[in-house]
Amino acid sequence: MKNMYDLLIVGAGPGGYVAAKKAAGLGMSVVIIDRGPVGGTCINRGCIPTKAMLHAATLYRDIKECELFGLHVDHVGYDLQKIIEYKDASTAEMRRNLEKEFAELGIVFVQGTARVQAGKRVRVEKADGSSEFYFGRNILIATGAKANRADIPGAELPGVMTSEELLTSDESKYRSLLILGGGVIGLEIATIFRNLGAEVTIIEISDRLLPNMDREFSDPLEEILTERGIRIYKESILEQITRAETGLSCKFVCEGESREVQVEGVLMSVGRRANTEGLFDANVPIKLERGRIVVDEFFRTSVPGIYAVGDVIGGIQLAHVASAEATYVVEKMNDLKPSVIVSMVPSCLFTPISIVPSCLYTDPEIASVGLTEERARAKGVPIRCGRYAMEGNGQTIISKEAAGFIKIIFAKDSDVLLGAQLMCPRATDMIGELATALANGLTSKQLMYAMRAHPTFNEAISCAVENSRI
């Protein structure tokens with residue numbers, strides 16, 4: 001049959017492209033379909049452009065503060081258009097690398113809007129109005145999620161945007177920005193614009209920033225961001241956005257009082273929803289729940305032969321989770337023992353814990369994996385904690401970066417690692433070692449077998465582990 005493949009993938013983001021490469025490497029014929037370019041949200045309008053702009057904005061701030069190192073610069077400035085060009089070049093290079101891998105592996109990429117029909121047939125409508133049909137012995141849905149917009153008056157006004165719109169716009173020079181939502185995306189973008197000198201205001205409905213993370217992170221991070229000039233309003237509700245002479249007027253309620261702030265732009269960072277609209281014909285009996293695709297523990301949908309992974313099924317919405325799930329599905333299709341897991345049951349517990357690392361690219365960086373002290377005690381798990389304040393770390397002193405801490409949690413009796421929380425320079429890189437240790441059930445004694453080089457940020461892990469053994 002024409003256009004028949006072993007695996008047909010809808011969505012070319014981290015779930016889809018990882019599945020495609022894995023499947024092709026195992027000898028499967030693969031077609032991957034996406035309405036946009038390869039890379040999905042992560043590469044084109046999410047992770048990669050955000051981190052590129054963060055890198056540029058942080059360099060700018062570092063140069064302005066270089067006198068701390070005995071350096072002197074006569075004039076410091078930035079060209080926003082060149083920052084955008086650098087960001088776009090970074091995403092383009094990622095896409096080129098993926099396209100090259102697809103070509104080497106024989107993966108067919110089709111750009112167009114996919115609609116799944118009965119009989120494992122997928123209709124693809126292309127930009128020129130033509131359409132073509134593709135068939136898959138197995139179908140994997142990895143269409144991800146899209147940014148929400150808060151339903152408030154004025155949300156449709158020019159200058160009110162989601163993160164995806166902001167990151168793909170050529171008009172991103174806002175001297176003042178209001179961010180609705182104090183989660184990961186909102187705080188990273190707040191960091192970018194504050195580093196570039198913008199006035200930044202954050203409105204968060206919860207009683208703290210990072211409501212899905214441990215308070216041990218949110219409280220010191222709020223203090224640091226406030227010291228850097230970011231205005232933060234917690235337990236607050238944005239009620240209305242209207243036009244103003246200087247841009248937009250935002251009325252909100254904080255602690256029972258009505259307030260107003262005028263800004264040039266408003267970022268809505270209020271979560272994401274599964275991207276399933278128009279994806280299935282009415283006669284395809286895919287079970288959905290609040291727009292998300294329902295799957296079992298093997299990522300099978302209600303239709304035999306159709307699988308789904310990543311943000312489109314809900315759960316932990318992270319690129320590396322989608323990639324891990326995609327790898328698992330393809331390995332199961334080929335009767336292989338899965339090589340990746342997202343949770344485990346430590347020898348000392350009777351319930352699974354997540355081994356998915358969570359990362360926040362603020363300054364200092366934040367990363368965590370496994371149980372926090374707060375959650376462990378809530379579960380009644382006897383634990384002991386090791387902690388190290390990064391003020392004493394040599395590389396932290398040399399770099400003069402914000403210090404922070406490392407905290408590592410072990411089971412009190414078995415000594416097995418249960419979790420780790422890092423708020424320090426390079427935390428997002430260092431968490432990998434602890435995620436590996438957690439996945440393999442290592443103890444504090446085993447973690448201390450390895451020498452960590454000096455001077456490095458990473459040697460602080462040894463200090464935290466040693467502290468737990470005192």
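The values are calculated or read from the model by the stated rules, or taken from the named source; none is laboratory data. This is a predicted model, so every value here is computed, not measured. Cβ placement follows ideal geometry from the backbone for every residue including glycine, while neighbour counts extend to all protein chains displayed. Surface areas here come from the heavy atoms of the whole protein model, side chains and all, with no ligands, DNA or RNA. Shrake-Rupley method; radii C 1.70, N 1.55, O 1.52, S 1.80 Å.
Across the range 271-292, the residues whose backbone nitrogen lies under 17 Å from the label position 7 Å along the beta-carbon direction of Ser131 are 277-284. When each full DSSP H helix of the chain is screened for a Cα extent of at least 15 Å along its own axis and an average Kyte-Doolittle hydropathy of at least -0.5, the helices passing are 14-25, 47-64, 184-195, 319-333, 427-439. Around the amide H of Glu239, modelled in the peptide plane, lie the amide H atoms of Lys251, Phe252, Val253, all under 5 Å away and 5 or more residues distant in sequence or on another chain. Going by the alpha-carbon gyration tensor, a ≥ b ≥ c the square roots of its eigenvalues, is the range 258-342 rounded (a/c under 1.5) or, if a/c is not under 1.5, prolate (a/b greater than b/c) versus oblate? Because a/c hits 1.5 or more and a/b fails to exceed b/c, the range 258-342 counts as oblate. Projecting label points 7 angstrom from Cα along Cα→Cβ for His55 and Phe350 puts them 4.9 nm apart. Within the assembled protein chains, the solvent-accessible surface assigned to Lys400 is about 110 Å², based on a 1.4 Å probe. Remark on the range 129-208: hydrodynamic radius 15.5 angstrom, per the Kirkwood mean of 1/r across alpha carbon pairs. Each residue was assigned an accessible area with a 1.4 Å probe, and for Arg95 the value is about 60 Å².
Expressed as a rounded percentage, what relative contact order does the chain have, with Cα pairs under 8 Å and six or more residues apart? Rounded, it is 13 percent for the chain. Taking label points 7 Å from Cα along the Cα-to-Cβ direction, Arg377 and Lys2 give a separation of 6.8 nm.
Assuming a ≥ b ≥ c are the square roots of the Cα gyration tensor eigenvalues, decide whether the range 143-265 counts as rounded (a/c under 1.5), prolate (otherwise, with a/b larger than b/c) or oblate. It comes out rounded by the Cα gyration axes.
Potential lengthening of the chain between Ser339 and Glu459 amounts to 40.3 nm, from the contour at 0.36 nm per residue minus the alpha-carbon distance. Nonpolar atom fraction for the range 1-138, defined as the carbon and sulfur part of the 1.4 Å probe accessible area, stands at 51 percent.
The range 1-147: D in µm²/s via Stokes-Einstein (Kirkwood Rh, Cα pairs, 20 °C, 1.002 mPa s)? Rounded, D is 123 µm²/s.
In the range 166-286, Cα pairs under 8 Å separated by at least six residues give a relative contact order of 26 percent. With both labels modelled 7 Å from their Cα along Cα-to-Cβ, the Ser249 to Tyr86 distance reads 3.8 nm. Mean separation of Cα pairs under 8 Å and 6 or more residues apart, divided by the residue count, gives the range 361-406 a relative contact order of 37 percent.
Database remark: amide H of Leu209 closer than 5 angstrom to no amide H (H placed geometrically; neighbours at sequence offset of 5 or more, or on other chains; Pro and chain starts carry no H).
Amide hydrogen proximity for Phe280: with H placed 1.01 Å from N in the peptide plane, the residues at 5 or more positions away or on another chain lying under 5 Å are Val116.
Extension gain, Ala389 to Ile224: 0.36 nm times the residue separation minus the Cα-Cα distance gives 57.8 nm. Legend: translational diffusion of the range 322-410 by Stokes-Einstein, Rh = Kirkwood radius over C-alpha pairs, 10 °C, 1.306 mPa s; D = 99 µm²/s. Can you tell me the FRET efficiency between Arg215 and Glu239 if r is taken as the Cβ-Cβ distance and R0 is 41 Å, rounded to the nearest 0.05? With a Förster radius of 41 Å, E is 0.90.
Applying the Karplus relation 6.51 cos²θ - 1.76 cosθ + 1.60 with θ = phi - 60° to the range 236-250 yields 3J(HN,Hα) values of 10, 10, 7, 9, 7, 10, 10, 5, 9, 4, 9, x, 10, 10, 10 Hz, where x marks Gly and Pro. In a fully extended conformation the segment linking Asn97 and Phe69 would gain 6.3 nm over its present Cα-Cα distance, using 0.36 nm per residue.
Protection proxy ranking of 457-468, 100-111, 339-350, 29-40, by the mean of other Cβ atoms within 10 Å over each peptide's residues and highest first, is 29-40, 457-468, 100-111, 339-350. Here is the link list: Lys234/Lys412; Lys87/Lys400; Lys22/Lys407; Lys21/Lys407. Which ones come out longer than 32 Å on Cα distance? Long pairs (Cα-Cα over 32 Å): Lys234/Lys412; Lys22/Lys407; Lys21/Lys407.
Considering helices alone, the calculated mean residue ellipticity of the chain at 222 nm is -9500 deg cm²/dmol, with DSSP H runs of length four and up weighted by -39500 (n - 2.57) and normalised per residue. Only one of the listed values, (i) 2.03; (ii) 1.04; (iii) 0.93, was derived from the coordinates as Cα Rg over 2.2 N^0.38 Å; which label is it? Matching the structure shown: (ii).
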